[in-house]
Amino acid sequence: MTAVSADAVVLEVAPAAAYTRLLLRAPHLVATARPGQFVAAAVGEAPTAMLLRRAFSIHDVDPAAGTLQLVVAADGPGSTWVTRRRPVDTLAVVGPLGRPFPWPTEQGGRCVLIGGGYGAAPMTWWARELVAAGHDVHVVLGAATRERLFGADLAAAAGAAVHVTTDDGSAGTRGRVTDVLADLLPAVGVYACGPMAMLRAVTGAAAPAGPVWVAVEESMACGIGVCMTCVLPVTGADGLTRMTRSCTDGPTFDGSTIRWDAVDLDRHGARSRVPEDCVGAPRPGGH
């Protein structure tokens, strides 16, 4: 799928739970977009614009209207700048980027879609498409609190069964998404988007029962595979591990191929290490 660069016109900015939803007009970009892909947006005003673009999952598209939607959390200066756009402003974006969610290899059957916080943004669009294709779709939404949940009403409107978990028990089941996942397996496809710690836990719980696809949260500075800031250790079909670009080879990966043992998780997010057995890894005493 060919990405395009566009000055997307902001049509609407509205609160969405603890996040901000933006409706953008970008007809040429929307034409080929698929669930699981993202856009890379330039942030800041010239001449003080921030150097690096910010990546945002595409929440939904309307090809007839030529519009797309983003759901943005104001977590830092770049994303905060985006949430402060107003109608008639423009947002310089490149997209659609990355690999979309793959269709299940089996027709019909159960699909489980898991979203953590605003990581649920692409899942409601994907749920609608899977339901239309005849799948039995279950959407599991998790967050720390009720206020940080997103998409339950949209997933239900798409025809999916909705399951909610919160860390503090303020909505749905008290606990994590994996606490309800076991009752929904096996499935012809499990799809997850959200914090890396959640993706690792979902992979561990679901991979033994069938295919699991995760849309990783990595810092994607360019979005087009040039800067190499978003590499993850991924094992290929040949059994070898390589540092793989999340923006072009992902962001959707078979969760069982990610070397989670080399992804360090802490309260600041995730950081990937180069495993010693990785292709091209430095060797002691090597040159």
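The values are calculated or read from the model by the stated rules, or taken from the named source; none is laboratory data. All figures in this text were calculated on a predicted structure; none of them were measured in a lab. A quick note on method: Cβ atoms are made from the backbone with ideal geometry, for glycine too, and the neighbour counts reach across all protein chains shown.
Things worth noting here:
- If you go through region 165-175 and keep only what is touching a helix residue (DSSP H, G or I) at 6+ places or on another chain (Cβ under 7 Å) and surrounded by 19 or more Cβ atoms within 10 Å (Cβ to Cβ), you end up with Thr165, Thr166.
- Only one of Val162, Val202 that is buried (at least 18 other Cβ atoms within 10 Å of the Cβ), within 17 Å of the chain's Cα centre (by Cα) and farther than 21 Å from Ser79 by Cβ: Val202
- Residue that is at pLDDT 95 or above, within 21 Å of Thr20 (Cα to Cα) and outside any loop (DSSP other than H, G, I, E, B), where the choices are Leu130, Leu141, Leu181: Leu141
- Filter result for Arg86 (in contact with a Gly (Cβ under 9 Å, 6 or more places away or on another chain), modelled with pLDDT of 95 or more, surrounded by fewer than 23 Cβ atoms within 10 Å (Cβ to Cβ) and not polar (S, T, N, Q)): no
- The criterion of being surrounded by fewer than 20 Cβ atoms within 10 Å (Cβ to Cβ), in contact with a Gly (Cβ under 6 Å, 6 or more places away or on another chain) and under 14 Å from Ala92 (Cα atoms) does not hold for Arg54.
- All positions within region 181-196 that are surrounded by 20 or more Cβ atoms within 10 Å (Cβ to Cβ) and of a type in the set (Val, Ile, Thr): Val190
- Those residues of region 199-223 which are under 17 Å from Gly119 (Cβ atoms), in contact with a Ser or Thr (Cβ under 9 Å, 6 or more places away or on another chain) and either at pLDDT 95 or above or aromatic (Phe, Trp, Tyr) (or both), in sequence order: Ala201, Val202, Thr203, Ala205, Ala206, Val212, Trp213, Val214, Ala215
- In region 139-157, of all residues being of a type in the set (D, E, K, R) and within 19 Å of Gln69 (Cβ to Cβ), the one that is surrounded by the most Cβ atoms within 10 Å (Cβ to Cβ) corresponds to Arg148.
- Pairing each residue of region 199-226 that is under 21 Å from Val180 (Cβ atoms) with any residue that is part of a strand (DSSP E or B) and modelled with pLDDT under 85, provided the two are 6+ apart or on different chains, yields C-beta distances under 8 Å for Arg200/Leu265.
This table checks each residue for (1) farther than 25 Å from Ala132 by Cα; (2) assigned to a loop (DSSP other than H, G, I, E, B).
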residue: Ile58; (1), (2): no, no
residue: Val61; (1), (2): no, no
residue: Ala64; (1), (2): no, yes
residue: Val71; (1), (2): no, no
residue: Trp81; (1), (2): yes, no
residue: Val93; (1), (2): yes, no
residue: Pro96; (1), (2): no, no
residue: Trp103; (1), (2): no, yes
residue: Glu106; (1), (2): no, yes
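- Test: residue in region 18-30 that is farther than 30 Å from Gly189 by Cβ and small (Gly, Ala, Ser): no
- In region 62-81, the qualifying residues are those that are touching a Ser or Thr at 6+ places or on another chain (Cβ under 8 Å) and farther than 18 Å from Ala33 by Cβ, and the one that is surrounded by the most Cβ atoms within 10 Å (Cβ to Cβ) is Ala73.
- Among the residues of region 144-165, just one is among the hydroxyl-bearing types (Ser, Thr, Tyr) and assigned to a loop (DSSP other than H, G, I, E, B), namely Thr145.
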